[in-house]
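In what follows, a single structure is set out as structure tokens and then discussed.
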Amino acid sequence: IERAEQEGKDFRRDFSLQIAVTAGEMLTAASRNRLEEDYGILVRQFLATADVGGIAYECGEKNGMHFADYRVIEVVDPETGKQLGPGQVGEVVVTLLENPVYPLIRFGTGDLSYYEEEPCPCGRTSPRLMKLVGRVDQVTKVRGMFIHPSQVEEVIAAFPEIQTAQAVVKREQDRDKLTFCAVLAEPASQEGLASTLQERIRAVLKLRADVTFVSENDLQEVEKRILDLRKWD
């Protein structure tokens, strides 16, 4: 689309693309809105891997991805493999027995998601993966709770005055310490913002955290939303 616009074309007028199926990475609300509202493209999300094929698909309600048929789909604790219940974030694993030569037993996709079991307004009654929230290799466990980069981004999204932020995990006196390091887009009142930010962090991450305001140069490995500095002897 961007290439077409650079060449002076009107995408709506010059192309007949009406439906787009996205897969391979998380579909953000901003990306969906841009495609649907600016270009008139109907967007549907699909979860698949090369080994398994289709895992889950989105219907017209755009309210999660329905489990595909003929597969056993679970959401499990990435560390223990224990099956998790509705609303709990874990790794999506798939069992596929269609091929007797190459069966897949609890194949780990590496994708983090959670599911709900309520029937969809479309009429289907299968469970739905509500959204992809990250990858297993991006997960950090703090005080028994898993946190992932998309949660940090969710916190930031509620504060336009915050340019970027990083959750830093340290180990002090045999306890995990979580500090939310925020970079302000421009000078602002930090006192009131800090307390509001702490409330938002607790609501999204389900953890208490200290808040500190820093410059972008103070952040280590700035590309990481979560920086784990714990050392285990």
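The numbers here are math on the coordinates, done by the rules we state, and not lab data. On a predicted model such as this, the values are computed, not experimentally measured, just so you know. Ideal geometry is used to build each Cβ from the backbone, glycine not excepted, and the neighbour counts take in all protein chains shown.
Just Asn63, Asn33, Asn217 to compare: in a GNM of the chain, with alpha carbon springs under 10 Å, which one fluctuates most?
Asn217
Around Gly134, which amide H atoms from residues at least 5 apart in sequence, or from another chain, sit under 5 Å from its own amide H, with H modelled in the peptide plane?
Leu112
In whole Hz, what ³J(HN,Hα) sequence does region 137-153 give by Karplus (6.51, -1.76, 1.60; θ = phi - 60°), x for Gly and Pro?
Computed from phi, the couplings for region 137-153 are 6, 9, 7, 10, 9, 10, 6, x, 10, 7, 10, 9, x, 5, 5, 4, 5 Hz.
What FRET efficiency, computed as 1/(1 + (r/R0)^6) with R0 = 22 Å and r the Cβ-Cβ distance, is obtained for Lys170 and Gln190, rounded to the nearest 0.05?
In this case the efficiency is close to 0.55.
Long-range amide H contacts for Ala68: which residues qualify at under 5 Å (H placed 1.01 Å from N, peptide plane, sequence gap of 5 or more or a different chain)?
Ala56, Tyr57
Simple spin-label model, 7 Å along Cα-to-Cβ: Gln6 to Asp77 in nm?
Reported label-point gap for Gln6 and Asp77 is 4.9 nm.
How do Glu74, Glu98 line up, fewest other C-beta atoms within 10 Å first? Before the final figure, lay out the partial values.
Numbers: Glu74 17, Glu98 10.
So the residues, fewest neighbours to most, are Glu98, Glu74.
Leu42's amide H: which non-local residues (gap 5+, or another chain) put their own amide H closer than 5 Å, with H modeled 1.01 Å from N in plane and none for Pro or chain starts?
The answer is Ile19, Ala20.
When only Cα pairs under 8 Å and 6 or more residues apart are kept, what is the percent relative contact order across the chain? Before the final figure, lay out each step's value.
Details: 408 pairs, mean separation 26.3, N = 233.
It rounds to 11 percent for the chain.
Report ³J(HN,Hα) in whole Hz for each residue of region 29-40, in order, from the Karplus equation J = 6.51 cos²θ - 1.76 cosθ + 1.60 where θ = phi - 60°; Gly and Pro get x.
Each residue of region 29-40 in turn: 4, 5, 5, 4, 4, 5, 5, 7, 7, 7, 10, x Hz.
What does the extension gain come out to for Ile105 and Glu37, with contour length at 0.36 nm per residue minus their alpha carbon separation?
20.4 nm
Can you sort Met130, Met65 from fewest to most other Cβ atoms within 10 Å of each residue's own Cβ? Before the final figure, lay out each step's value.
Working: Met130 16, Met65 25.
Listed from fewest to most nearby Cβ atoms, that is Met130, Met65.
Sum -39500 (n - 2.57) across every DSSP H segment of at least 4 residues in the chain, then divide by the residue count to get the 222 nm mean residue ellipticity, nearest 500. Mind dumping the intermediate values first?
Values: 5 runs with 39 residues, N = 233.
The per-residue figure over the chain is -4500 deg cm²/dmol.
With log10 I(q)/I(0) by the Debye sum over Cα atoms at q = 0.10, 0.11, 0.13, 0.17 Å⁻¹ defined as stated, name the option among [x] -0.54, -0.64, -0.85, -1.19; [y] -0.45, -0.54, -0.74, -1.20; [z] -0.61, -0.73, -0.95, -1.24 computed from the structure displayed.
The value computed from this structure is option [z].
Number of Lys pairs in the chain with C-alpha atoms less than 22 angstrom apart, excluding same-chain neighbours closer than eight positions?
19
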